[in-house]
Amino acid sequence: MMKTAIYSKLQKKIISVTLLVSLAPLLLLGVTIYYQFARMYRTKVQEQLQYRAWAQAEAMDLFLKERTAILAAMADTHTFNEMIEEKILGSIFSVMNVRAGAFVDLGVINNAGQQLAYVGPYELRGLNYYQQEWFGEVMSKGIYISDVYLGYRQLPHFIIAVRRQEGQNPWILRATIDPAVFGALVRSAQVGKTGDAFIVNEAGVYQTRPRFGGQILTESGLDTRLFGGSTSLMELKTQDGVAMLYAGSWLKKHNWLLLIRQEAAEEMGGLFTTRNVEIAIILSGILAIVLATVFTTQLMVNQLRESDRRMNGLNAQLVQSDKLAAIGKMAAGVAHEINNPLAVILQKTGWMEDLLQTEDLKSSENLDEFKTSIRKIEEHVERARKVVHGMLGYARKMEPRLEDVDINDTLKQTTSLLNNFARINNIVIRTDLAPDLPILASDQAQLQQVFLNLISNAIDAIGKNGVVQISSIRSEDEVHISISDNGRGIPEEAHKKVFDPFYTTKQSGKGTGLGLWISYNIIEKMGGTITLASKEGEGTTFTVKLPIVVPEKK
């Protein structure tokens with residue numbers, strides 16, 4: 001449990017450090033690139049918007065300049081008397097519209113403000129403009145372009161007027177510009193779903209109709225003083241909190257401000273798309289880095305765990321080897337110290353048997369009891385000798401001695417040794433031996449020791465009333481020997497331990513835990529394997545796989 005916590009903590013630290021080192025530069029690079037690109041993109045958008053405002057202001061200046069020039073040319077090339085002839089004035093009006101266009105009407109006004117001649121769709125003949133603001137401006141300046149006003153016709157319009165002097169009598173040639181043509185020309189600068197283009201005067205009053213939220217001659221709410229002499233750009237928010245970009249440029253021929261308006265979000269749409277793509281790429285990179293980091297870290301930590309487990313296994317084997325070495329030394333000492341006394345005991349029991357043949361002891365009423373005691377002494381001496389021999393056998397790892405071995409014959413011999421013991425416990429040993437097994441070059445004594453151990457374990461696992469099934473088959477270049485029982489089975493958590501030295505599933509005092517370990521080592525030295533298949537409550541099967549080694553010809 002402690003090591004699991006250590007490995008978990010180590011894994012978290014490695015993942016944290018790796019992600020910090022990997023993601024910090026990626027995020028920093030992404031943020032830097034985005035802000036650099038955003039700055040460049042915003043600058044480009046602003047420059048484009050400013051250029052559109054400047055170019056459109058130049059176009060409107062040219063529009064007014066052309067119409068002012070043609071109006072002045074008509075006034076310069078015709079006398080006052082010619083102009084007041086409406087037939088001639090109508091011809092001049094037609095020529096002006098052919099040359100430039102966008103003229104609604106044309107009128108001639110004397111120095112008293114009286115309109116003496118008029119060509120156009122409105123009933124304006126004979127009206128006096130002396131009190132109109134634009135009249136004084138024309139008379140003082142010579143050329144004048146008015147703001148949009150209602151005038152006598154009660155419709156929004158603006159005029160271009162020029163003053164001419166004939167002797168002592170000045171007069172004015174005045175033309176009205178078509179507001180629909182002028183407004184359409186202004187609105188040609190608007191682009192996109194939220195784009196707008198319009199003109200306001202110095203007071204911020206609309207001179208052309210905006211696309212959104214406003215009418216001609218209404219207050220725009222804009223402070224025109226914010227826009228300098230050159231083309232200016234600024235960001236303002238509407239009452240709804242929507243950020244709007246304004247680019248404004250003053251017309252040179254008139255105190256009008258041409259404005260191009262666009263929602264900042266629409267202008268920055270490309271930037272937002274780029275930002276979203278960048279975020280998607282960075283998130284994909286982060287996800288890939290996180291998955292790769294977690295995967296490699298888990299792989300590395302699992303390898304460390306596996307190495308630690310193997311090391312623990314090696315340490316355990318080393319400890320067991322030390323134990324076996326101690327057992328070997330002890331067994332050698334025991335064999336030396338005990339075998340001699342046992343031989344003396346056996347010798348004395350033989351002598352005692354000889355004494356029982358004398359006439360005095362033959363007639364003893366305890367003769368049978370003496371003989372029984374002597375046989376028990378001999379039996380227990382032999383048992384002691386087997387224990388010492390078994391200890392030596394467990395402690396020594398004898399190399400296999402190659403000889404010709406018939407596996408089926410070895411199994412039959414081993415089974416015959418245990419048949420009586422199995423029969424006493426009502427256990428049936430069944431065999432299913434393949435007849436085509438080859439003769440192997442192996443060690444029959446050690447194989448018999450392995451089979452004896454496995455079959456004995458199967459009988460012990462059943463206890464009473466059961467079946468032990470022994471089978472042998474050939475599979476390609478191997479011989480498979482299976483020993484199955486229908487006993488109590490082995491718990492799953494014990495499967496990896498059954499071949500460890502001194503581990504046993506038997507009750508205390510009924511097993512040393514060395515049998516399977518010795519068997520495993522014997523088969524391993526022969527180049528084979530022992531595998532276990534068991535389910536608790538359903539029985540156990542041990543399978544021995546031996547390579548087919550053909551004996552050398554003799």
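Quick note: the coordinates plus some simple rules give every number you see, no bench work behind them. A quick note: this is a predicted structure, and the numbers were derived from the prediction, not measured. Cβ atoms come from the backbone with ideal geometry, glycine included; neighbour counts cover every protein chain shown.
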What distance in nm lies between label points placed 7 Å from Cα along the C-beta direction at ALA203 and ALA280? 5.3
In the chain, what percentage of the DSSP-assigned beta bridges are antiparallel, given to the nearest 5? 90
Here the gain from full extension of ALA292 to ALA343, 0.36 nm per residue of separation minus their alpha-carbon distance, amounts to 11.1 nm
Return the FRET efficiency for the residue pair GLU536, GLU306: r is the Cβ-Cβ distance, R0 is 30 Å, and the value is rounded to the nearest 0.05. 0.65
With a ≥ b ≥ c taken as the square roots of the eigenvalues of the C-alpha gyration tensor of region 46-180, please select rounded if a/c is under 1.5 and otherwise prolate if a/b is larger than b/c or oblate if it is not? prolate
Among the listed pairs LYS193/LYS253; LYS44/LYS237; LYS348/LYS376; LYS412/LYS496; LYS497/LYS535, which have their C-alpha atoms separated by more than 19 angstrom in this model? LYS193/LYS253; LYS44/LYS237; LYS412/LYS496
Label points 7 Å out from Cα along the Cβ direction at ILE424 and ASP223: separation in nm? 11.6
18 Å Cα-Cα reach of LYS252 towards aspartates and glutamates, excluding residues that sit fewer than 8 places from it in its own chain: GLU58, ASP61, GLU66, GLU137, ASP147, GLU202
For semi-axes √(5λ) of the Cα gyration tensor in Å the list reads (1) 97, 43, 20; (2) 43, 33, 20; (3) 128, 22, 19; the calculated value is entry (3)
If amide H atoms are built 1.01 Å from N in the plane of the peptide, which residues on other chains or at least 5 residues away come under 5 Å of the amide H of GLY466? ILE427, VAL428
Among 446-459, 113-126, 51-64, the order from most to least packed when residues are scored by Cβ within 10 Å on average: 446-459, 51-64, 113-126
Please list 3J(HN,Hα) in residue order for region 248-254, calculated via the Karplus relation 6.51 cos²θ - 1.76 cosθ + 1.60 where θ = phi - 60°; whole Hz, with x for glycine and proline. x, 9, 7, 6, 6, 8, 7
What residues of region 418-445 lie in the reach of a label at ILE548, counting those whose backbone N is under 14 Å from a point 7 Å from the Cα along Cα→Cβ? 434-441
R0 = 22 Å: FRET efficiency of TYR51 with ARG99, Cβ-based, nearest 0.05? 0.15
Return GLU379, GLU86 ranked ascending by Cβ neighbour count within 10 Å, so the fewest neighbours appear first. GLU379, GLU86
Which aspartates and glutamates, if any, have their Cα less than 20 Å from the Cα of LYS12, not counting same-chain residues under 8 positions apart? GLU306, ASP308
R0 = 60 Å: FRET efficiency of LYS141 with ARG39, Cβ-based, nearest 0.05? 0.80
How large is the charge dipole for the chain, taken about the Cα centre, if only the Cβ atoms of Lys, Arg (+1) and Asp, Glu (-1) carry charge, to the nearest 20 debye? 820
Dividing the helical contributions, -39500 (n - 2.57) per DSSP H run of n ≥ 4, by the residues of the chain yields a 222 nm value, nearest 500 deg cm²/dmol, of -18000 deg cm²/dmol
